[in-house]
Structure formats: C-alpha cells, structure tokens
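Asks: Input: one structure, supplied below.
The values are calculated or read from the model by the stated rules, or taken from the named source; none is laboratory data. Model, not experiment: these values are computed from the prediction. Heads up, the Cβs are rebuilt from the backbone with ideal geometry, glycines too, and the neighbour counts pull from every protein chain shown.
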Amino acid sequence: MTAARPHPLFNALTPGSSFHQYKLLEQIGVGGQGVVWSALDQKQNQIQAIKFNEIEESDQGEADDLRDEHQLEKLVKLQHAHILPVLEYGFDNQIRFTVSPYLPGGTLTQKIRLTPLTIHEIVRCGTEIAAALDYLHDQDIIHRDLKSANILLDLRHSCYLADFGLARSISTSTMAFHTGHGTPPYAPPEQIQMKAITPKSDIYSFGILLYEMFTGQLPWNGKRQLSMEQLNSNQELPDPREFNESLPSLLADILRRVTSADPNLRPPSTGEVMRAIRHIFNIPADSVPIGKIDGWLVRDEDLEELLKRAFAQWKSTDETYNLGLTKFALVNLERKKLNTDLFSHFMLSQALTYGYNDDRWWRVVRNPSERLAVSSKLLRKHNEVITGRVVAHLADDPNMRSLSDGLPEGMTTALLDTGVKTENVFLRREIFDGLRTLTRPHSAWGDRLIDAEHAKRLGAFAREDSEFGDTTAELIGHLRSASAVRVLLKQADEERKIAALLLIQRAAGSLPTFVPSNIRFRLTTEWIVQRLIQEPVSLVGAYALAFLGATLGVGLQAFVTYRLPSLLDTARITDSLQQGLIVGAIFGLGIFIIRVVMERFRATNAVLRLLVGTVVGSIVLNIAMLIFHLLFLSTPPSGLLITAACLLIALTFAVSSLLRWRLVRMLLTSLSVFTAIMGTWLIHTSYADSFMDLTPIFRYDYAWSLTDISITAVGIALLIGVFGNLVNLSIVEE
C-alpha cells in the first residue's frame, strides 16, 4: 500500500508566499497529515502560527461536523488563561487551517528533552494545563490529542494548551476515530477500540503527559504503547521512580489511577489529579497561581531578555548562533519598542541569514568596516544562499565599491572558493561579478590569491562560449591569474580562445609574457577592429556632429570674410557652403580620429594614446587647412603657424578626452580653437614681412578691428568645440 501524497497546497507553502492575509515565514512543525507554519499577519502586524491539515475523503463526515457553525463558534470563542486562542479557523480547498498566536518559548517536548524539569516546573505546568482541560470539558469539548508537543511555552515558561485540530464538541459527536488521529503513546484504550470518547479520555492522556514530565520520557521510551498493553493484559504504567528514586511512591499510584484502562476508575477531573500531586509534594495551591487572559501576548521586557540571551550566545559561538527566522521576525517586528542599538551587528547577521528585512538592517549598520566584519563571519558558514545574499549587498553598496584596498584578502579567497566550487551557475556568476566590482585589479600577473585548483576551474569556465564564460574571462584579467591563462591557452577551439583572451586583455590591459607572439598579433588586430566597430551608432553620430561643427565653422569664416559686398549674394552663400563642406569633412575627421583613439582604447596606456591621437589628428587637421588655403585662397601656406595651431587643437582635444565632464571638454577645445585662430593671426600681423609670410589658420581683412576678428573667432571656436564633443565615444562596458 503506497502512502498518500500530500495535498498540492502543501507544496505551495513556501517562505515568503501568501495565504489569505498571512505572509508565510517558515515551517515550524510537522506531524501526521498536517504542518505548522509561522506567518506575519499583514493586517494585524503580528506573528501568528498556522496549522494546515489535509482532509481525507474518508473523513468527509467528520469534515461536515467541523463545518457546523455551532462547532466553529465554540472553538473560536474559547477564553482561558492557558488555552492558546484560535484566532481563525476555516477550510480552503480540502485543507483545514487554524490560526493561533505564535509563542516563542517552543514546545513542552523540546523543554523536556533539553533539561530535566524541576518539581515546581512540573507542578506549575501541570496545574496550568489541568485548568485548561477542565475548562474545555466544562464547555463540552474534548481535546483528543493531548501531548507534550501540543503544550506551548511563552518566554516565562508558562504553559498553554494548543492545537485544536481534533477537538470535538460532545454534543456533536463522541464517536471514536481510527488510530491515524491523535498520537498513539498518549491515546487511551477506548480510542484504539473505536469506542466513544469522553473527557476521561483526555484525563488518560494527561496521565501519560505527567509521567513524561516526571521521567523525561514516554513509558518504555515510546517503544511500547500502554493502552495497547492494557487491552491484552493487566499491564500498568511503569513506576516513575525507575528514573528518579527521589520521587514519592504515592506518585506511581496516582498516575496509575489516572491511566486506568477503565475510564470509570479515572479521577473525574485533571484539577483533582493536580490537587493530589500538590498534596504529596506539599506544594500550596497559591504558589502556582493561574495566569490571566491574554497572558500569551509577548511582553516587551521578555522579548528584550530573549534578544540579550541570543546576542550572548551568538558572541560565545563566534557569531555562528542563529536565533531562528520566526523569533527574529518577532524581534524585528517590535524593534521600535526595544533598544536594539547594542545588537545591530547581531540583527544584521540574522537578517542576512534569513533574507528578512536585510535591507533595513544593512542601513542601520552604517560603518563599512562593521558591515564587512559581519559579512566575513557569514561567509565562513559556506552557505550558498547566505553567500549570494551577502555578495548582493556588498556589490550594491557604494561604500564597499569605493574601498581603497577593496575586499580583505580573506573574504576574496572565501568568495572565490565558493564561486569555483558551487554548482549553482547563478550564484557563481553573481560571485564573479561581485569580485570584479569589490576587489582592486592586481598590478602584475601572478597567482597571489589563486591556488592551482582555482586557476584550473577558472580556465575551464572561461572556455565556455557563453555569457558566463565571458564573465569568467574578465575576472581572470581582473585578478591577472597567469595560471588560468595557461589553462585557457590549451583550449582546442581557436575562436573561443581568442574571444576569451580578448576579454582578459581588455580587463587587464595586457597579457602574460608567455602568450605566443602570433596570438598576440591576432589579438591586437581583432581588438583594434572591435574597438573601431563597437556601438556604430555613436561612431556615426560623433563624426556627423564633428563634421557639422567644422562645416559651420569654416563656412562662417568664409562667409564673413567674403569680398563681395552683398550679404545674401548667391555666390557668397554657395562658395561659403562649398568651402565648409569640403574642409569641414576633413577637419571633422581629424577631431573624430583623435576622440576614437582616446576614448575607444582606454585600456591602452594614456601617454601612448595622447601621442598617437595628437600626431595623427594634427596631420589630418593640417591636411584640411592645406586644402582650404590651396583650393579656396589660392595661396599656399608658409611657415609653421598652421602646423603649430593644428598641433595645439589636436593636443587639446586629446587631453580633454581624458576628462569626465563634457562641458569642460567643450570649453577647453573651444578655447584652443579660439587661441589657434587669434594667436596665428596676431603673430602673422606682428612679425610677417609680407602677406605671404607666417600664414595664419584664417585670414582677415587688415582693416578689421581686433574685436571684429575676436567675435568671428569665438563663433567658429564654439561651433567646432561644442559639436565636436556632443557624443560620448566610450564603450559602455568600460
């Protein structure tokens, strides 16, 4: 016979998912055909516990009873100081659910297993549960599943009866149920025999519960069931003194009477049982007072004490202790009422561990070094989910990205180790991207932080012709891992090897010396081609605008210096336009070449770029001015003024390309063009022996005032400087 599969809704219960008004946190219990989840009540802003039970088809009659309005009202309206209230109770697609307050003290089972209970603790808890059971029976309700796991504790260790998933009204039905319901070690014989269930059945279970509290275990350690033994023999409950000789002999007599096979021989109430137990231990009734309604509400002072103890345990375990998501959510919910200043590091650690309100606690811990310290401790746990969360926060933090020394070596090594070993490709890429963002590039090729295994794995990853392979190649270049490059050089796929090496070269700015010269030549060629053709729209736009600016500038010069008197003469306009288009095309090309060299090859040495850009650009600018003077002025230039002016303009465009601010670029280049125009004209007029000597960039009428020439030069300079810098040519990746 195969086991029944869980209801599909159970599979949909995941952390962070919603059920009605509740946001689920974590599964905190499981048993039988049900599960218990903690959840945030988004309407009441409180932490609750929700138990989900599957309703089997064979239990449809029972489900019909539970749907009875009178039965539902009786369960919801229960009011007792030691009964955990049912806040909501209903059905959803063959699933029965009950909602109760979440108690952070755990279950009585957990407390019993953790440490032996004192006599006073047993008497106090027994008295509290007895009062709750007697109240239930007075309301004509039988619990039917009394056990230590259904006794919950608050932070003051008061006990509360919980889990009414099997509770039934006597007036509705007292028919027994099969052993799949309830918990066998606590079940009375009448339950097993499918006979009627009465309040005496709960009293029997209470006797087993008392035995468990006094001895720390179930009868025969749960391997045998007392009720089954009683059906076949005269077996009685074992003597609790077998485990604790200091217990009085009368205790065994009391517990055996409570767990009698005959319901008629059991005491009439659990309150009477506890009166007898208090008597044999000589404990006055007033020393174990019953609490008050709403005693299950978490007090601020208790929550603060929980936080202090958790913090102390966290520190004593080298910051590895975890509070638990539900308890952390409870503390986080009440953070405004608590003084959490002293515990902010602990709270950040827990928030990152569970991914709960971690953005807020990251902001609370403002000091970057303190954030690093918490993150470093968490990385030592080698938990992939936590590692991914930590990396995401570090990479998104501008303070972390701007650290002068980058991440500490220990954190870098830990992240790299996780990245190369994990099978989670998403986490691996997140770590590799994070390492590039958070670490400073190494200054020389080597393997200071990378061992042989890491290098082997990185090289293998870089061989992949994929986005992740590209990410790995860039990380190799960033870390300058020579060993990883050696692994990659053994790649059989030549195209992939070249592509990966290009990415490494771009990230590092160079390649190790052992890379063969033939590969270097091919890489250099392909790299240059890539730089020249990437993002073609920006290339076309940059040249078009440089061409437009130069055309308008040269055209303006030709127009204002034209000798025909009529301002709108057709020949004047046509000639100016012709000069502007021809000379502007070449002059704009010179500016464009300078900017391409400077902005498209940023990985190359800046001095080399300045030299190449200035020289090549000035040559093209000189050609433009030579054409202007030969074709349109019919006077070949003499002297070196034009060459010097073109060199000044080219150098200024090259230097300004190193600057980040575009407006500053425009001002500097406009100033250089203005200086070249005015400077060459002033030198010409001051030192030239004749009209043909020391040719300036542009000629003006000797009768013009310096102001007229300056205004014209400003207009030309602004057109060339502004339009020549409007489009950014840098590659976005850089």
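Asks: Any residue at all in the stretch 478-491 that's in the same structural domain as I431 (by TED's automatic domain parsing), polar (S, T, N, Q) and in contact with a Lys or Arg (Cβ under 8 Å, 6 or more places away or on another chain)?
Replies: First, pick out the residues of the stretch 478-491 that are in the same structural domain as I431 (by TED's automatic domain parsing): 478-491.
Cutting the leftovers down to polar (S, T, N, Q) gives us 481, 483, 491.
With the extra rule that they be in contact with a Lys or Arg (Cβ under 8 Å, 6 or more places away or on another chain), the set shrinks to 483, 491.
Among the residues of the stretch 478-491, at least one is in the same structural domain as I431 (by TED's automatic domain parsing), polar (S, T, N, Q) and in contact with a Lys or Arg (Cβ under 8 Å, 6 or more places away or on another chain), which makes the answer yes.
Asks: Please specify each residue of the stretch 574-599 satisfying the condition of being surrounded by fewer than 23 Cβ atoms within 10 Å (Cβ to Cβ) and either modelled with pLDDT under 85 or among the charged types (D, E, K, R) (or both).
Replies: D575, E599, listed by residue number.
Asks: Something else now. What number of residues in the stretch 268-294 are part of a helix (DSSP H, G or I) and not basic (K, R)? Show your work before the answer.
Replies: Filtering the stretch 268-294 for residues part of a helix (DSSP H, G or I) gives 270-280, 285-287.
Filter once more, keeping what is not basic (K, R): 270-274, 276-277, 279-280, 285-287.
So the count comes out to 12.
Asks: In the stretch 552-573, which residues are surrounded by fewer than 24 Cβ atoms within 10 Å (Cβ to Cβ) and closer than 30 Å to I731 by Cα? Step through it out loud before you land on a result.
Replies: To start, the set of residues in the stretch 552-573 that are surrounded by fewer than 24 Cβ atoms within 10 Å (Cβ to Cβ) comprises 552, 555-556, 558-573.
The answer is L552, and nothing else.
Asks: Could you please let me know if G541 is assigned to a helix (DSSP H, G or I) and either over 48 Å from the mean Cα position of the chain (by Cα) or hydroxyl-bearing (S, T, Y) (or both)?
Replies: Working: assigned to a helix (DSSP H, G or I): yes; either over 48 Å from the mean Cα position of the chain (by Cα) or hydroxyl-bearing (S, T, Y) (or both): no.
So G541 does not fit the description; no.
Asks: Is there a residue in the stretch 239-247 that is in the same structural domain as R124 (by TED's automatic domain parsing), under 27 Å from H137 (Cα atoms), touching a residue at least 24 places away in the same chain (Cβ under 8 Å) and aromatic (F, W, Y)?
Replies: No, the stretch 239-247 has no match at all.
Asks: Which of the following residues is in a helix (DSSP H, G or I), among the hydrophobic types (A, V, I, L, M, F, W, C) and modelled with pLDDT under 90: L342, L297? Break it down into steps so the answer makes sense when it comes.
Replies: Working: L297 fails: in a helix (DSSP H, G or I).
Going through L342, L297 in turn, just one is in a helix (DSSP H, G or I), among the hydrophobic types (A, V, I, L, M, F, W, C) and modelled with pLDDT under 90: L342.
Asks: Kindly establish whether L416 is assigned to a helix (DSSP H, G or I) and assigned by TED's automatic domain parsing to the domain that holds F432. Explain how you work it out, then say what you get.
Replies: On the way: assigned to a helix (DSSP H, G or I): yes; assigned by TED's automatic domain parsing to the domain that holds F432: yes.
Yes.
Asks: Of all residues in the stretch 407-427, which are of a type in the set (A, V, I, L, M, F, W, C) and surrounded by fewer than 16 Cβ atoms within 10 Å (Cβ to Cβ)?
Replies: Our first condition is that a residue be of a type in the set (A, V, I, L, M, F, W, C); within the stretch 407-427, this holds for 407, 411, 414-416, 420, 425-427.
V425, F426 - these are the residues of the stretch 407-427 that are of a type in the set (A, V, I, L, M, F, W, C) and surrounded by fewer than 16 Cβ atoms within 10 Å (Cβ to Cβ).
Asks: Another question, if that's okay. Could you check, for the stretch 175-185, whether at least one of its residues is surrounded by 14 or more Cβ atoms within 10 Å (Cβ to Cβ) and part of a helix (DSSP H, G or I)?
Replies: Initial filter on the stretch 175-185 (surrounded by 14 or more Cβ atoms within 10 Å (Cβ to Cβ)): 176-177, 179, 181-185.
Checking the rest, the ones that are also part of a helix (DSSP H, G or I) come to 184-185.
Scanning the stretch 175-185, I find at least one residue that is surrounded by 14 or more Cβ atoms within 10 Å (Cβ to Cβ) and part of a helix (DSSP H, G or I), so the answer is yes.
Asks: Kindly check whether there is at least one residue in the stretch 441-451 that is free of Cβ contacts under 8 Å to residues at least 40 places away in the same chain, surrounded by fewer than 16 Cβ atoms within 10 Å (Cβ to Cβ) and part of a helix (DSSP H, G or I).
Replies: Initial filter on the stretch 441-451 (free of Cβ contacts under 8 Å to residues at least 40 places away in the same chain): 442-444, 446-448, 450-451.
Among the residues that remain, those that are also surrounded by fewer than 16 Cβ atoms within 10 Å (Cβ to Cβ) are: 443-444, 446, 448, 451.
Narrowing further to those that are part of a helix (DSSP H, G or I): none.
Checked the stretch 441-451: no residue is free of Cβ contacts under 8 Å to residues at least 40 places away in the same chain, surrounded by fewer than 16 Cβ atoms within 10 Å (Cβ to Cβ) and part of a helix (DSSP H, G or I).
Each row is one residue, and each column tells you yes or no for (1) in contact with a Ser or Thr (Cβ under 8 Å, 6 or more places away or on another chain); (2) assigned to a helix (DSSP H, G or I).
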{"residue": "M625", "(1), (2)": "no, yes"}
{"residue": "P637", "(1), (2)": "yes, no"}
{"residue": "T643", "(1), (2)": "yes, yes"}
{"residue": "L647", "(1), (2)": "yes, yes"}
{"residue": "A650", "(1), (2)": "yes, yes"}
{"residue": "V664", "(1), (2)": "yes, yes"}
{"residue": "S670", "(1), (2)": "no, yes"}
{"residue": "T675", "(1), (2)": "no, yes"}
{"residue": "L682", "(1), (2)": "no, yes"}
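Asks: Any residue in the stretch 698-721 that is assigned to a loop (DSSP other than H, G, I, E, B), in contact with a His (Cβ under 9 Å, 6 or more places away or on another chain) and assigned by TED's automatic domain parsing to the domain that holds V616?
Replies: Scanning the stretch 698-721 turns up at least one residue that is assigned to a loop (DSSP other than H, G, I, E, B), in contact with a His (Cβ under 9 Å, 6 or more places away or on another chain) and assigned by TED's automatic domain parsing to the domain that holds V616.
Asks: I'm checking my understanding of the structure. Among residues of the stretch 345-387 that are of a type in the set (S, T, N, Q) and part of a helix (DSSP H, G or I), which one is farthest from E26 (Cα to Cα)?
Replies: S369
Asks: Just the residues that are out of contact with any Phe, Trp or Tyr (no Cβ under 8 Å at 6 or more places or on another chain), aliphatic (A, V, I, L, M) and over 21 Å from D447 (Cβ atoms), please, taken from the stretch 490-522.
Replies: A492, I498, A499
Asks: Another question about this same structure. Going through E370, E305 one at a time, which residue ends up being farther than 30 Å from S443 by Cα, in contact (Cβ under 8 Å) with a residue 12 or more places away in the chain and in the same structural domain as E423 (by TED's automatic domain parsing)? Even if it seems obvious, please write down each step before you answer.
Replies: Details: E370 fails: farther than 30 Å from S443 by Cα.
Step by step, each of E370, E305 is checked, and only E305 is farther than 30 Å from S443 by Cα, in contact (Cβ under 8 Å) with a residue 12 or more places away in the chain and in the same structural domain as E423 (by TED's automatic domain parsing).
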